[in-house]
1. Considering A:T56, A:T79, A:T103, which residue is within 16 Å of A:H24 (Cα to Cα) and either within 13 Å of chain B (Cβ to nearest Cβ) or more than 11 Å from the chain's Cα centre (by Cα) (or both)?
2. What residue, of A:Y32, A:Y87, is under 14 Å from the mean Cα position of the chain (by Cα), aromatic (F, W, Y), farther than 16 Å from A:N19 by Cα and within 13 Å of chain B (Cβ to nearest Cβ)?
3. Can you give me the number of residues within segment B:12-28 that are under 18 Å from B:S93 (Cβ atoms) and hydroxyl-bearing (S, T, Y)?
4. Kindly indicate whether any position in segment A:35-44 is farther than 20 Å from B:Y35 by Cα and out of contact with any Lys or Arg (no Cβ under 7 Å at 6 or more places or on another chain).
5. Criterion first (farther than 20 Å from B:P8 by Cα and either of a type in the set (G, A, S) or surrounded by 14 or more Cβ atoms within 10 Å (Cβ to Cβ) (or both)) does B:V66 satisfy it?
6. Exactly one condition in (1) loosely packed, with under 13 Cβ neighbours inside 10 Å; (2) polar (S, T, N, Q); (3) modelled with pLDDT under 95 is false for A:S9; which is it?
7. Report, by residue number, each residue of segment B:35-68 that is of a type in the set (F, W, Y) and over 19 Å from B:A81 (Cβ atoms).
8. State all residues of segment B:20-48 that are facing chain A (nearest Cβ under 9 Å), within 22 Å of B:L112 (Cα to Cα) and either surrounded by 20 or more Cβ atoms within 10 Å (Cβ to Cβ) or under 12 Å from the mean Cα position of the chain (by Cα) (or both); if no residue qualifies, say none.
Amino acid sequence: DAKTTQPPSMDCAEGRAANLPCNHSTISGNEYVYWYRQIHSQGPQYIIHGLKNNETNEMASLIITEDRKSSTLILPHATLRDTAVYYCIARNSGGYQKVTFGTGTKLQVIP
Amino acid sequence: NAGVTQTPKFQVLKTGQSMTLQCAQDMNHEYMSWYRQDPGMGLRLIHYSVGAGITDQGEVPNGYNVSRSTTEDFPLRLLSAAPSQTSVYFCASSYASNRVRTEAFFGQGTRLTVV
């Protein structure tokens, strides 16, 4: 799996969009970008994933650059409940999905 | 649909004791994994399994054993507990990579203290 780099922490005002960046400059062609979050020591929760096209679901949007070396997770209207650690992971599409987590970005949503 | 169930939720052990952390999933997932998370740290992979009868080591396997006799269950055994194994343990499962949905589902964790 490619190494990913995320800022250790970010703040966002409640109601504003939270844009969380992730660098994955060594990503290979068959590696997907996955995002998870962990709220207050609960089990991590899947958010969204993509290969090269931008993706949107009910939780968030994922923007992947054309060269696929970086991506941004967007929470369009952050709430206090979005305060969590967000993990960006690059995973191979073939073989076992041995998911390796880094230390993620601690997002603090401020009232 | 219960998802991934871990038991117990909390456990205190004395140094040298052994115990088994249980993990069960009801989604017929092929892949299952165990992670540990120390305070302020990310998750580190202990052991994983690609199917019944097949297991392999992750980043931090020492002091832990696993087996996978059924698709549903993936227990983690601490052979002789040490204070360094004080941590929160998470179990995860997912479908194989040739399916549409391959995201991992996590249990709620087992908080283990070794004194």
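1. Every option except A:T103 fails the conditions.
2. Exactly one residue qualifies, and that residue is A:Y32.
3. Counting residues in segment B:12-28 that are under 18 Å from B:S93 (Cβ atoms) and hydroxyl-bearing (S, T, Y) gives 1.
4. The answer is no; no qualifying residue exists.
5. The answer is no for B:V66.
6. Unmet condition: (3).
7. Selection gives B:Y48 alone.
8. B:S33, B:Y35, B:Q37, B:L43, B:R44, B:L45, B:Y48
The values are calculated or read from the model by the stated rules, or taken from the named source; none is laboratory data. Not measured: the values here are computed from a predicted model. Virtual Cβ from ideal backbone geometry, glycine too; neighbours counted across all protein chains shown.
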